[in-house]
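*Asks:* This is the structure I want to talk about, given as structure tokens.
The values are calculated or read from the model by the stated rules, or taken from the named source; none is laboratory data. This structure is a prediction, so every number in the text was calculated from the model and none was measured. Ideal geometry is used to build each Cβ from the backbone, glycine not excepted, and the neighbour counts take in all protein chains shown.
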Amino acid sequence: METIKNIAITSLVLSFFSIFLLGLAGIFVLPHSVSAEDINVTATVEEWVSFAVSPTTTDLGTLVDASGNVSIGSATSGLTLNSNSFDGYSVSIQGANGGLENGIYLIATPAAAATTTCSAAGDGTDAYGAQATSATLTVQSPFNVSGDVVGSVASSSSQSLLSSAYSTSSQSAILTVKASANKFDASGSYSDTLTLTALPNP
């Protein structure tokens, strides 16, 4: 009996000791508590479009010389365009005077969206306007013409000259301005100012 009793006591002591160790383990090994927070990150890329024109001053030369001879004047400017607009962009053109003027007389450009033909035949024809070419950009009517045909650069409204349906990098175009005069036009220096405006497509 004593042997059995001693064994029982020993087992009880071991049991308490085991519980004590488990308790200590519980003190040092606690369940983990996790807390999470999100950070929302934002940034902005602004839409932009830009272009360069060179040269910005052009001379159509002498339309009627001192002997009354008539010729067609022509000058070109190069356009280089860049834009990050996803929907593309357009370039418009508008004249300041409705034609080439010398303060008294006007070599008129046709009404908006119309074309005219420069001519040095006979006494010459009053005509003034522009045309454009590009390997990558869309040239809009009435500027998608060639030869001595030119589109209106009227002052009454801004007209679409070039367009792109997507963002572009270093796209180019050539703008050609042409004019002819009648040999009996008033003498003097004639001029106009063309304003080109580039805007992202809505």
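*Asks:* Here is a list of conditions, (1) in contact with a Ser or Thr (Cβ under 9 Å, 6 or more places away or on another chain); (2) at pLDDT below 95, and ILE104 meets all of them except one; can you say which number that is?
*Replies:* In the conditions (1) in contact with a Ser or Thr (Cβ under 9 Å, 6 or more places away or on another chain); (2) at pLDDT below 95, ILE104 misses (1) alone.
Conditions (1) over 21 Å from PRO55 (Cα atoms); (2) within 20 Å of the chain's Cα centre (by Cα), marked per residue:
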residue: GLY129; (1), (2): no, no
residue: ALA135; (1), (2): no, yes
residue: VAL149; (1), (2): yes, no
residue: VAL153; (1), (2): no, no
residue: SER164; (1), (2): yes, yes
residue: SER172; (1), (2): no, yes
residue: LEU175; (1), (2): no, yes
residue: PHE184; (1), (2): yes, no
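*Asks:* Please determine whether any residue of region 151-172 is touching a strand residue (DSSP E or B) at 6+ places or on another chain (Cβ under 9 Å), without any contact (Cβ under 8 Å) to a residue 60 or more places away in the chain and in a strand (DSSP E or B).
*Replies:* yes
*Asks:* Which of the following residues is of a type in the set (Ser, Thr, Tyr) and within 30 Å of ASN69 (Cα to Cα): SER134, SER169, SER189? Please lay out each step first, then the result.
*Replies:* Numbers: SER134 fails: within 30 Å of ASN69 (Cα to Cα); SER169 fails: within 30 Å of ASN69 (Cα to Cα).
Sole residue among the options that is of a type in the set (Ser, Thr, Tyr) and within 30 Å of ASN69 (Cα to Cα): SER189.
*Asks:* Another question, then. Of the residues that make up region 180-193, is at least one under 13 Å from GLN94 (Cα atoms) and assigned to a strand (DSSP E or B)?
*Replies:* no
*Asks:* Of the numbered conditions (1) polar (S, T, N, Q); (2) closer than 29 Å to ASN201 by Cα; (3) surrounded by 16 or more Cβ atoms within 10 Å (Cβ to Cβ); (4) at pLDDT 95 or above, SER180 fails exactly one; give the number of that condition.
*Replies:* (2)
Every residue, every condition in (1) surrounded by fewer than 18 Cβ atoms within 10 Å (Cβ to Cβ); (2) of a type in the set (S, T, N, Q); (3) out of contact with any strand residue (DSSP E or B) (no Cβ under 9 Å at 6 or more places or on another chain); (4) over 30 Å from SER167 (Cβ atoms), yes or no:
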residue	(1), (2), (3), (4)
ALA52	yes, no, no, no
PRO55	yes, no, no, no
THR62	yes, yes, no, yes
ASP65	yes, no, yes, yes
GLY68	yes, no, yes, yes
ALA75	yes, no, no, yes
LEU81	no, no, no, no
SER92	yes, yes, no, no
ILE104	yes, no, yes, yes
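*Asks:* So is ALA111 over 18 Å from ILE174 (Cβ atoms), modelled with pLDDT of 95 or more and out of contact with any His (no Cβ under 9 Å at 6 or more places or on another chain) or not?
*Replies:* On the way: over 18 Å from ILE174 (Cβ atoms): yes; modelled with pLDDT of 95 or more: yes; out of contact with any His (no Cβ under 9 Å at 6 or more places or on another chain): yes.
Yes: the conditions hold for ALA111.
*Asks:* Separate question: Which residue is farthest from GLN171 (Cα to Cα), if the candidates are limited to region 37-60 and must be in contact (Cβ under 8 Å) with a residue 24 or more places away in the chain and not polar (S, T, N, Q)?
*Replies:* Going through the qualifying residues, I end up with LEU60.
*Asks:* List every residue pair whose Cβ atoms lie under 6 Å apart, where the two residues are 6 or more positions apart in sequence or sit on different chains, the first residue falls within region 176-199 and is closer than 19 Å to THR57 by Cα and among the basic types (Lys, Arg), and the second residue, located anywhere, is modelled with pLDDT of 95 or more and not in a strand (DSSP E or B).
*Replies:* Here the result reads LYS178/CYS118, each pair linking region 176-199 to a residue that is modelled with pLDDT of 95 or more and not in a strand (DSSP E or B).
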